[in-house]
Amino acid sequence: MEARAYLKYARISPRKVQIVLDLIRKQPVDKAMAILKNTPKAACEDLQKLLKSAMANAENNHNMDVSRLYVAQCFVSPGPILKRIRPRAQGRAFRVLKRTSHVTLVLMEQE
């Protein structure tokens with residue numbers, strides 16, 4: 001039995017999210033939450049909300065014991081890219097790519 005939570009269209013680059021997800025993969029949820037609270041990365045705030053949501057899904061939808069949960073899987077995939085234009089010298093224009101992310105978090109109970 002597993003509980004999932006999704007974060008879609010997060011306005012942060014998938015590379016930045018991946019760094020933080022590598023820290024919490026295969027960790028118990030209480031330790032993962034502590035890691036997210038004490039890591040000074042931009043993605044931590046969104047991932048903290050996502051982890052809380054996954055824990056609530058596990059408890060309310062699947063009747064799982066929250067104290068025995070761990071992060072079984074977590075991965076990020078790129079979402080749509082917002083293309084913007086930045087004016088440059090001599091009438092030129094450079095393209096700015098504002099990347100988005102889709103994050104998936106899967107919690108399971110330890111045996």
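Since every read-out is calculated from the coordinates, none of them should be taken as a lab result. The structure presented is a predicted model; accordingly, all values stated were derived computationally and were not measured. Glycine also receives a Cβ, built like all others from the backbone with ideal geometry; neighbour counts cover every protein chain displayed.
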A correct Karplus calculation of ³J(HN,Hα) over segment 71-85, with 6.51 cos²θ - 1.76 cosθ + 1.60, θ = phi - 60°, whole Hz and x for Gly and Pro, returns 7, 6, 9, 7, 8, 10, 10, x, x, x, 9, 7, 9, 10, 10
Ranked on Cβ counts within 10 Å of their own Cβ, fewest leading, Met1, Met108 go Met1, Met108
Relative contact order of segment 7-111 (C-alpha contacts under 8 Å, at least 6 apart) in percent is 38
All alpha-carbon distances of the chain, grouped into 10 Å bins from 0, give the whole-percent distribution 15, 41, 24, 11, 6, 3, 0
Any lysines whose Cα falls less than 16 Å from that of Lys49, other than same-chain ones fewer than 8 residues away, would be Lys8, Lys31, Lys37, Lys41
For Lys98, the aspartates and glutamates lying under 20 Å Cα to Cα, once residues fewer than eight places off in the same chain are dropped, come out as Glu45, Asp46
